[in-house]
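A.B. asks: Below: one structure in structure tokens.
The values are calculated or read from the model by the stated rules, or taken from the named source; none is laboratory data. Source: prediction; values computed, not measured. Virtual Cβ from ideal backbone geometry, glycine too; neighbours counted across all protein chains shown. To get the accessible areas, we keep the full protein, side chains included, count just its heavy atoms, and leave off ligands, DNA and RNA. Shrake-Rupley method; radii C 1.70, N 1.55, O 1.52, S 1.80 Å.
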Amino acid sequence: MRILFVNSYYFMPQSRGGLARTLDQLARGLQARGHQVSAIAELKNNRDFFSLSRRIRLRLLRALGKAPIICDIQTGFRVLRCWRIEPVIRDAIDKERPDVIVVTGGRIVPIVRVIRALGIPIVLQVHDVEFKYLEGDFHEVADLPCVANSRFTAQRFNEAFGAHCDTILPFISLKDYEVQSSRERVLFIHPEQKKGIEKAMEIVALCPEIPFTFVGRSTYETLRSTLNLPDPDSVANLEVLPNMGDMREVYRRARILLVPSRWEEAFGRVVIEAQVSGIPVIASKRGGLAEAAQDGGILLSFDDPAQIWAQHLKRLWTDAGLYDDLSSKARQSAQRRELTEAFQLDAHEAVLIAAVGRG
């Protein structure tokens with residue numbers, strides 16, 4: 001099959017968030033099975049060479065009266081990049097000639113409106129429950145085949161729009177994360193407000209004897225003045241690192257993953273990334289996090305005071321028996337059948353083949 005992924009959020013290497021990593025690894029997996037895979041995504045206005053060079057090329061194309069779409073193979077497959085998808089999606093489809101289009105992330109409704117008129121089979125993928133970013137009434141597209149990344153996400157879309165979504169857990173290439181960890185630090189990834197950075201900082205202060213690593217220094221620095229966060233270099237038990245291309249670098253030292261999210265996480269990909277190496281999680285019972293963690297960690301209410309979170313963290317840090325038990329259960333959670341590469345690719349192929357057949 002010729003498969004075109006349409007993602008109105010940013011894509012690798014400009015974004016290394018959960019959705020971008022999931023789509024990248026899924027596309028590579030489908031490509032390895034012999035499918036011809038490409039993607040189109042919008043260009044992020046960064047100041048690095050990758051972004052600047054592509055912005056110049058897009059401006060030149062627009063000045064020449066051509067469709068502002070450029071192509072690269074940074075990811076190992078064709079990725080088309082543009083300023084905004086809707087005005088150029090027809091040109092992208094003319095270039096790629098897909099048998100099926102997978103629309104995912106962000107502005108699903110207006111993008112589907114444009115594609116639907118072309119009569120090409122469409123599959124939707126929903127990765128969060130931030131309905132405002134759909135930019136339209138999902139009832140309008142709820143009749144299309146839809147894949148949700150968790151039972152939680154599927155249930156929310158069913159309740160809100162009557163959509164019937166197949167549940168396929170996020171595609172995670174587990175071999176890209178498995179490490180032999182020295183188990184020396186508590187790890188917190190994406191120090192954003194919605195991810196619970198304020199709660200995390202309270203826990204850091206309550207556990208001066210435990211070393212912490214936050215990953216996402218630029219985000220932390222952006223929030224410092226808004227949230228009155230300390231200079232990380234002034235906190236003895238805290239290091240704040242930049243985002244990593246290879247997450248094994250941070251999991252290699254992690255003993256516990258901290259996920260005090262206040263946001264309704266659709267699943268919680270980082271939980272599985274850690275669990276594959278037997279790293280248990282302490283996470284909030286928000287959204288699909290319990291579905292991701294299963295028994296491989298400790299689940300708390302986000303509204304529990306930081307003192308409660310710190311007590312559980314200290315116990316898991318020091319109690320060898322408890323730690324070994326949850327570490328073993330974490331590995332079992334990451335090894336469940338629904339997360340295996342073969343199961344995932346079979347499930348995605350079945351949905352895509354059925355959509356092509358209906359089309």
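A.B. asks: Estimate the FRET efficiency between Ile308 and Glu130 by the formula 1/(1 + (r/R0)^6), using the beta-carbon distance for r and 25 Å for R0, to the nearest 0.05.
C.D. replies: Details: r = 28 Å, r/R0 = 1.13.
Efficiency, rounded to the nearest 0.05: 0.35.
A.B. asks: In addition: Please compute the modelled spin-label separation between Ser53 and Asn237, points set 7 Å along Cα→Cβ, answer in nm with one decimal.
C.D. replies: Here the modelled spin labels are 4.5 nm apart.
A.B. asks: In addition: Just need the relative contact order of the chain here, percent rounded to a whole number, with Cα pairs under 8 Å and 6+ apart.
C.D. replies: Values: 675 pairs, mean separation 52.1, N = 359.
Taking the mean separation of contacting Cα pairs over the length of the chain, I get 15 percent.
A.B. asks: Let me ask something else about it. Over 5 Å intervals from 0, what percent of Cα-Cα pairs in region 129-236 sits in each interval?
C.D. replies: P(r) over region 129-236, rounded to whole percents: 2, 9, 15, 14, 11, 12, 14, 12, 7, 4, 1.
A.B. asks: If you plug each phi of region 218-224 into the Karplus form 6.51 cos²θ - 1.76 cosθ + 1.60 with θ = phi - 60°, what whole-Hz ³J(HN,Hα) values come out, in order, with x for Gly and Pro?
C.D. replies: 4, 5, 4, 5, 4, 8, 4
A.B. asks: Does region 240-332 come out rounded, prolate or oblate by the C-alpha gyration tensor, with a ≥ b ≥ c the root eigenvalues, rounded set by a/c under 1.5 and, if not, prolate when a/b is larger than b/c and oblate if not? Could you put the intermediate results ahead of the total?
C.D. replies: Working: a/c = 1.32, a/b = 1.08, b/c = 1.23.
Rounded.
A.B. asks: Over all directions, the average projected area of the alpha-carbon convex hull for region 204-359 comes to how many nm²?
C.D. replies: Values: hull surface 46.2 nm².
With every direction weighted equally, the projected area is 11.6 nm².
A.B. asks: Let me ask you something else. With viscosity set to 1.002 mPa s and temperature to 20 °C, compute the Stokes-Einstein D of region 96-182, Rh being the Kirkwood radius across alpha carbon pairs; µm²/s, no decimals. Present the calculation step by step, with values, prior to reporting the outcome.
C.D. replies: Details: Rh = 14.1 Å.
Here the translational diffusion coefficient equals 152 µm²/s.
A.B. asks: If we sort 96-103, 116-123, 249-256 on the protection proxy, mean other Cβ atoms within 10 Å, highest first, what's the order?
C.D. replies: 96-103, 249-256, 116-123
A.B. asks: Then there is this: Under the Kirkwood approximation for Rh and a Cα-based Rg, what ratio Rg/Rh is obtained for the chain? Provide the component values of the computation, followed by the final result.
C.D. replies: Working: Rg = 21.1 Å, Rh = 21.4 Å.
Taking Rg over the Kirkwood Rh, I get 0.98.
A.B. asks: In square nanometres, what is one fourth of the surface area of the convex hull spanned by the alpha carbons of region 1-106? Write down the numbers at each step before the final one.
C.D. replies: Numbers: hull surface 25.0 nm².
Convex hull of Cα atoms, orientation-averaged projection: 6.3 nm².
A.B. asks: If you don't mind, there's one more thing I want to ask. I'd like the accessible area for Phe343: 1.4 Å probe, protein heavy atoms, all chains in place, Å² to the nearest 10.
C.D. replies: Looks like 60 Å² after rounding.
A.B. asks: Per residue, how much accessible area does the chain have with a 1.4 Å probe, in Å²?
C.D. replies: Values: 15360 Å² over 359 residues.
Ligands and nucleic acids excluded, the figure is 43 Å² per residue.
A.B. asks: While we're on this one: Hey, in the chain, which Cys have no second cysteine's beta-carbon closer than 4.7 Å?
C.D. replies: Cys71, Cys82, Cys207
A.B. asks: For region 218-281, build the convex hull from the C-alpha positions and give me its volume per residue in Å³.
C.D. replies: On the way: hull volume 7.5 nm³, N = 64.
Each residue corresponds to 118 Å³ of Cα convex hull volume.
A.B. asks: Quantify, in whole percent, the carbon and sulfur part of the accessible surface of region 99-174 (1.4 Å probe; protein heavy atoms only).
C.D. replies: On the way: 1330 of 2790 Å².
Reported share for carbon and sulfur atoms: 48 percent.
A.B. asks: Mind jotting down the three principal axis lengths of region 48-87 based on Cα atoms? Whole angstrom, largest first.
C.D. replies: 29, 22, 14
A.B. asks: Right, something else. If I take all pairs of Cα atoms in region 1-61, what percentage of them are more than 13 Å from each other? Spell out each step's value before the answer.
C.D. replies: On the way: 1172 of 1830 pairs.
That tail contains 64 percent of the Cα-Cα pairs.
A.B. asks: Right, here's the next one. Over all Cα pairs of region 63-221, how is the pair count split among 5 Å bins, expressed in % and running from 0 up to the last occupied bin?
C.D. replies: Result returned by the calculation: 1, 7, 12, 13, 13, 15, 13, 10, 7, 4, 2, 1, 0.
A.B. asks: Please name whichever of Ile115, Trp83, Ile101 sits farthest to the positive end of the charge dipole of region 61-141, dipole taken about the Cα centre and charges placed at Cβ: Lys and Arg +1, Asp and Glu -1.
C.D. replies: Farthest towards the positive end: Trp83.
A.B. asks: Okay, next question. Between Glu209 and Ala342, what FRET efficiency follows from the Cβ-Cβ distance if R0 is 51 Å, with the result rounded to 0.05? Spell out each step's value before the answer.
C.D. replies: Working: r = 44 Å, r/R0 = 0.86.
Efficiency, from the Cβ-Cβ distance: 0.70.
A.B. asks: For the chain: lysine pairs with Cα atoms under 15 Å, gap of 8 or more or different chains, count? Intermediate results must be reported in sequence, preceding the final value.
C.D. replies: Details: Lys66/Lys95; Lys194/Lys285; Lys195/Lys285; Lys199/Lys285.
The result is 4.
A.B. asks: Further question: Over the heavy atoms of Arg62, what accessible area does a 1.4 Å probe trace out, to the nearest 10 Å²?
C.D. replies: The value for Arg62 is about 130 Å².
A.B. asks: Shifting gears a bit: Sorted by mean Cβ packing within 10 Å, highest first, what order do the peptides 198-205, 139-146 take? Could you put the intermediate results ahead of the total?
C.D. replies: Details: 198-205: 20.6, 139-146: 17.1.
Highest-to-lowest ranking by the protection proxy: 198-205, 139-146.
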